[in-house]
Ligand code: NDP
């Protein structure tokens, strides 16, 4: 079997199109345009790239993007004060503090200070609790995007065996909660899991969110499984020339696609969905804050 390729770029573009339509509708019918504030502390090059594309895509979707760029040496108290000001600013619907933060700043404290109603990353413990209890809230963007990719190839996931490799608060745990919500039987694997290949071979849906290049081998994949590769790893690529690098996922794509039913590539799979879901969360937050029913995106 050669797997169907799940085209995250195309699906994200479609989602952004729906978001742009929804934003026009909100302005026309309710007289407001959602606003997303992105806070960047320091000059981490990868973070700068992420923040630039978030701002660009926010504006392309017709929303307002408000950027706050702070020096690496910004005291924690100043960042806390900014977050509190954004919490009470009625023109701001979503707040995103780009991670990682410099080591002198307590990231958990900052994230817990964001108003859960504006927490478009979905990292606040209130939103984590809401996801766990199935009581609404804002869902972390990468797992939300991954679920949309799974559902692009199979609408009903009820009863399927899902294995999530990785148990971080931002990907693995919320991913498992979303799959439980879809009535999957979910196994969470991590660095202490015994016989990981055997655990993965049980999966009708296999999610790799580890951060280890090509760790998941082709023969760990059950015939016909849906494979979602969240990992983004930069590795040396001497075949492209001296000093060159390329991005690869956590899954050995070429081998896995021979067995999977559907699989995401890296790049072009989960990555593009993450920002699209951030925009979707901003629209959702803007509606919920005003007592409106959010559009289905
Ligand atoms: P973390 O480092 O926070 O978590 C990694 C998880 O993988 C941990 O639970 C760890 O287990 C587990 N793990 C590590 N080694 C092994 C192993 N040998 N076998 C089984 N499990 C292992 O990473 P994140 O969740 O933040 O990110 C994971 C990957 O996803 C990274 O490549 C990151 O770049 C990518 N990512 C991509 C995004 C996107 O937009 N596409 C967004 C966010 C992340 P333990 O808990 O036991 O240590």
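Structure notes:
- Residue in the stretch 233-255 that is farthest from residue 152 (Cα to Cα), counting only those that are in contact with a helix residue (DSSP H, G or I) (Cβ under 7 Å, 6 or more places away or on another chain) and within 16 Å of the ligand (Cβ to nearest atom): 246
- Selection status of residue 100, touching a residue at least 40 places away in the same chain (Cβ under 8 Å), surrounded by fewer than 21 Cβ atoms within 10 Å (Cβ to Cβ) and assigned to a loop (DSSP other than H, G, I, E, B): yes
- Residue that is farthest from the ligand (Cβ to nearest atom), among those in the stretch 266-291 that are more than 19 Å from residue 18 (Cβ to Cβ) and surrounded by fewer than 20 Cβ atoms within 10 Å (Cβ to Cβ): 291
Residues checked against (1) near the ligand (Cβ under 9 Å from one of its atoms); (2) part of a helix (DSSP H, G or I); (3) buried (at least 17 other Cβ atoms within 10 Å of the Cβ); (4) at pLDDT 95 or above:
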site	(1), (2), (3), (4)
176	no, yes, yes, yes
180	no, yes, no, yes
188	yes, no, yes, yes
191	yes, no, no, yes
206	no, no, yes, yes
219	no, yes, no, yes
224	no, no, no, yes
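- The set of residues in the stretch 26-77 that are assigned to a helix (DSSP H, G or I) and under 12 Å from residue 279 (Cα atoms) comprises 53, 54, 55, 56, 57, 58, 59, 60.
- Checking the stated criteria, residue 213 turns out to be within 14 Å of the ligand (Cβ to nearest atom), at pLDDT 95 or above, in contact with a strand residue (DSSP E or B) (Cβ under 6 Å, 6 or more places away or on another chain) and in the same structural domain as residue 160 (by TED's automatic domain parsing).
- Residue in the stretch 194-203 that is crowded, with 22+ Cβ neighbours inside 10 Å, under 18 Å from residue 133 (Cα atoms), touching a strand residue (DSSP E or B) at 6+ places or on another chain (Cβ under 6 Å) and free of Cβ contacts under 8 Å to residues at least 40 places away in the same chain present: no
- Test: residue in the stretch 239-257 that is crowded, with 24+ Cβ neighbours inside 10 Å and outside any loop (DSSP other than H, G, I, E, B): yes
- For the stretch 152-174, the set of residues classified as surrounded by 15 or more Cβ atoms within 10 Å (Cβ to Cβ), within 16 Å of the ligand (Cβ to nearest atom) and not in a helix (DSSP H, G or I) consists of 162, 163, 164, 165, 166, 167, 168, 170, 171, listed by residue number.
The values are calculated or read from the model by the stated rules, or taken from the named source; none is laboratory data. Note that the structure is predicted; figures quoted are calculated from it, not measured. Every residue, glycine as well, gets a Cβ built from its backbone with ideal geometry; the counts of neighbours run over all protein chains shown.
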